[in-house]
Amino acid sequence: MTLEEFKKWFMKFDTNNDGRISGAELREAIRSKGFGFSAWWKSIVALHQADKDRNGYIDEFEIENLVTFAQKVLGIKITTW
């Protein structure tokens with residue numbers, strides 16, 4: 001998956017279309033990758049790592065912060081090209 005594909009996939013979970021991902025939306029994205037109960041914990045860790053301005057959301061400027069988390073913890077292969 002390319003970085004752009006990752007961003008598009010991730011933003012599909014923006015259910016209220018506000019251009020950012022909440023903790024609940026993040027949990028659904030992680031759950032969709034096959035993580036059941038652990039999606040709750042992984043979403044908390046991911047939000048903490050990606051939400052640099054600490055407003056409780058991941059916006060378009062912070063989504064790239066999830067790449068390392070997605071690769072290491074979720075096992076998603078993301079390329080830059």
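Just so you know, all these numbers are worked out from the coordinates, no wet-lab data involved. Computed from a predicted structure; not experimentally measured.
Remarks
- Mean separation of Cα contacts under 8 Å, 6 or more apart, over the residue count of the chain: relative contact order %: 34
- Normalised alpha carbon radius of gyration of the chain [divisor 2.2 N^0.38 Å]: 0.97
- Evaluating 6.51 cos²θ - 1.76 cosθ + 1.60 at θ = phi - 60° for every residue in the range 35-41, the Karplus couplings come out as 8, x, 4, 5, 4, 4, 5 Hz, glycine and proline recorded as x.
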